[in-house]
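Have a look at the structure below, then the notes.
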Amino acid sequence: MWVAAGVAAVPVLLIALQIVAVREGFQGPLGSLWQDYVGTPKSMSVPWAGLILALVGISTRHRIIALSAAVAIDAVWAGIRLLSGASFAIGNGPVIVLTGLAIFAWLRWDGTERRSALHAAALGALLILATKVGDVWLHVTIMSRPAVLDEYVLLADHALGDPSWVMGRVLDVLGPVVYGVLHWVYIELPVAAIAVAVWQLRRVVSSGRWPTHYLVRTFLVLGLVGPVVYVIFPVVGPMFAFGADGNGLQLGNYWPGVVPPLDRNPMPMPFDSVTPRNCMPSMHTAWALSVFLHTRRDTDGGPAPSLVRWGGAFWLLATVIATLGFGYHYGVDLVAGAVLCLTVESALRDPERGWGWFRIRLVAGGTVVLAVLLLSYRYLSVPMAEYPVLAGTVVLALLAGMAAGFHATWFAGLRQTAASQREVETAAR
């Protein structure tokens with residue numbers, strides 16, 4: 001029933017958002033999706049990420065056929081665009097093949113083969129559709145919140161030492177090579193997520209069973225919950241509100257060279273109709289942290305390979321540096337994003353354990369901590385700036401407490417169990 005309701009809700013949501021987009025004069029999700037099929041795709045990586053995710057549910061032979069067809073279709077469409085003088089783009093092939101794969105599995109296959117293929121195809125389609133919905137939601141944040149709260153967030157960020165200004169100056173010193181690597185990491189976060197998801201789902205075809213929890217679930221739920229806060233707490237970021245990219249509405253060209261003077265009378269500031277209010281919380285931080293968490297252990301509870309663990313740690317660290325160093329976020333945004341990730345992950349992880357007190361306290365506690373942080377940023381920003389050591393200690397202590405509870409609940413027990421199993425095996429030998 002829940003699956004049927006979710007499937008029925010998708011076209012309703014897309015149609016509703018398309019109506020809003022048409023009324024407001026921007027491209028909606030259905031128009032963007034149509035471009036993926038027969039026009040110029042908006043993204044070249046997301047369609048391919050969706051198809052690659054869908055391939056985990058089919059056999060190796062069918063994967064080769066699907067990939068070959070997608071590459072051929074993309075080559076034809078890219079060639080047509082280049083011959084007509086349009087810009088180079090790819091992405092039509094994977095969307096067309098993904099659709100064909102779902103139809104073929106529905107009509108021709110049965111049993112476990114059909115269920116696995118449709119399950120994987122649905123995940124790939126949801127990934128693509130989520131980006132379409134996200135694009136429209138960014139327009140909604142602009143329409144619904146003409147004023148932003150960056151002055152309040154700037155004051156609250158004094159408690160953490162204004163890390164965006166510090167990291168912005170560091171990146172200026174490190175030069176274009178480091179900037180280029182971090183920029184690639186920042187924009188290709190979905191690619192990292194798909195790589196981890198494919199690793200987690202690699203046994204689906206051979207075993208016929210899906211893990212009870214994997215990264216895609218966390219990604220999608222974060223994408224549903226996090227952006228709601230954008231309209232509750234609209235923020236554009238330091239490079240816009242206090243930098244040269246503010247389209248003339250910034251309070252000054254301060255970022256990243258000079259920290260703005262302390263203003264004890266902050267007010268909502270009107271901003272343009274172009275920049276999304278998508279800073280609070282930092283969803284890039286939330287998603288990168290979820291990648292990190294899912295690279296700690298395999299879906300069976302065993303330790304992940306070293307390459308996977310180091311890859312997850314690198315992506316989280318590089319994403320945090322990029323979000324601050326590019327001026328997209330304040331430090332307090334990142335704290336809120338991390339708390340949101342730990343809360344959502346606690347609600348989804350190990351569903352077979354049920355909803356005992358161990359889970360309720362983490363989910364409820366994380367929700368309360370996030371609410372306290374947002375209220376503090378808004379109504380206690382001046383005291384936070386005047387007493388930065390105390391305020392910063394409290395903010396970081398709340399995050400540390402949430403992280404410690406998360407680790408004790410979901411990881412410490414697994415480590416103890418693994419140690420006990422090794423002792424039993426040693427005694428047996």
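Suppose each label sits 7 Å from its Cα in the direction of the beta carbon; what would the Val221-Ser206 distance come out to in nanometres?
For the pair Val221/Ser206, the computed spacing is 2.8 nm.
Once the Cβ-Cβ distance between Trp34 and Ala86 is put in as r, and R0 is 22 Å, what FRET efficiency do you end up with, to the nearest 0.05?
Working from the Cβ atoms, E equals 0.85.
Taking the solvent-accessible surface of protein heavy atoms with a 1.4 Å probe, what is the per residue accessible area of the range 91-149 in Å²?
Ligands and nucleic acids excluded, the figure is 44 Å² per residue.
With labels modelled as points extended 7 Å from the Cα through the Cβ direction, what inter-label distance (nm, one decimal) is found for Val372 paired with Ala5?
Computed distance between label sites Val372 and Ala5 equals 3.3 nm.
Place the peptides 299-312, 161-174, 49-62 in order of packing, highest mean first, counting for every residue the other Cβ atoms within 10 Å and averaging per peptide.
Result, highest mean first: 49-62, 161-174, 299-312.
With each label point set 7 Å from Cα along the Cα-Cβ vector, what nm distance links Arg23 and Val274?
Roughly 2.6 nm, to one decimal.
Kindly report the accessible area of the range 283-420 per residue (heavy atoms of protein chains, probe 1.4 Å, no ligands, DNA or RNA), in Å².
43
What list of ³J(HN,Hα) couplings, whole Hz, do you get for the range 323-340 from phi and the Karplus terms 6.51, -1.76, 1.60, once you set θ to phi - 60° and write x for glycine and proline?
Computed from phi, the couplings for the range 323-340 are 4, 7, x, 8, x, 7, 9, 8, x, 5, 4, 5, 4, 4, x, 5, 5, 4 Hz.
What does the helix-only formula give at 222 nm for the chain: each DSSP H stretch with n ≥ 4 adding -39500 (n - 2.57), the total divided by the residues, and the result rounded to the nearest 500 deg cm²/dmol?
-23000 deg cm²/dmol
HN-Hα J couplings of the range 12-28 from phi, Karplus 6.51/-1.76/1.60, θ = phi - 60°, integer Hz, Gly and Pro as x?
Calculated HN-Hα couplings, in order: 4, 5, 4, 5, 4, 5, 5, 4, 4, 5, 5, 5, 8, x, 10, 5, x Hz.
Post the alpha-carbon centroid distance, the range 147-164 to the range 53-102, in whole angstrom.
Taking the Cα centre of the range 53-102 as reference, the centre of the range 147-164 is 44 Å away.
Rounding to the nearest 20 debye, state how big the charge dipole of the chain is about its Cα centre with +1 on each Lys and Arg Cβ and -1 on each Asp and Glu Cβ.
Here the chain has a charge dipole of around 1320 debye.
Quick one: length gained pulling Trp357 to Leu107 fully straight, 0.36 nm per residue minus the C-alpha distance?
Net length gain for the segment: 85.5 nm.
What accessible area per residue comes out for the range 196-272, rounded to a whole number of Å², with a 1.4 Å probe?
46
For the range 1-125, give the percent of accessible area contributed by carbon and sulfur heavy atoms, probe 1.4 Å, rounded to a whole number.
About 72 percent, which is the carbon plus sulfur part of the accessible surface.
Whole-Hz Karplus ³J(HN,Hα) for the range 30-44, in order, using 6.51 cos²θ - 1.76 cosθ + 1.60 and θ = phi - 60°, x for Gly and Pro?
Per residue, the Karplus-derived 3J(HN,Hα) values read 6, x, 5, 5, 4, 5, 5, 7, 10, x, 9, x, 6, 10, 8 Hz.
Amide H neighbours of Val148 under 5 Å, at least 5 residues apart or on other chains, H built in the peptide plane: list them.
When sequence neighbours closer than 5 places are left aside, the close amide H contacts are Met269, Phe271.
Asp245 to Arg264: extension gain in nm, 0.36 nm per residue of separation minus the Cα-Cα distance?
4.4 nm
For a quick check: with amide H placed at 1.01 Å from N, whose amide H comes under 5 Å from Arg297's, ignoring anything fewer than 5 positions away on the same chain?
Ala304
Multiplying the sequence separation of Val71 and Arg169 by 0.36 nm and subtracting their Cα-Cα distance, what value in nm do you get?
Gain in length upon complete extension: 31.1 nm.
The values are calculated or read from the model by the stated rules, or taken from the named source; none is laboratory data. Everything numeric here is computed off the predicted structure, so don't read it as measured data. In this analysis, Cβ positions are derived from the backbone assuming ideal geometry, glycine residues included, and neighbour counts consider all displayed protein chains. For the accessible areas, the whole protein counts, side chains as well, though only heavy atoms, and no ligand, DNA or RNA atoms are used. Shrake-Rupley method; radii C 1.70, N 1.55, O 1.52, S 1.80 Å.
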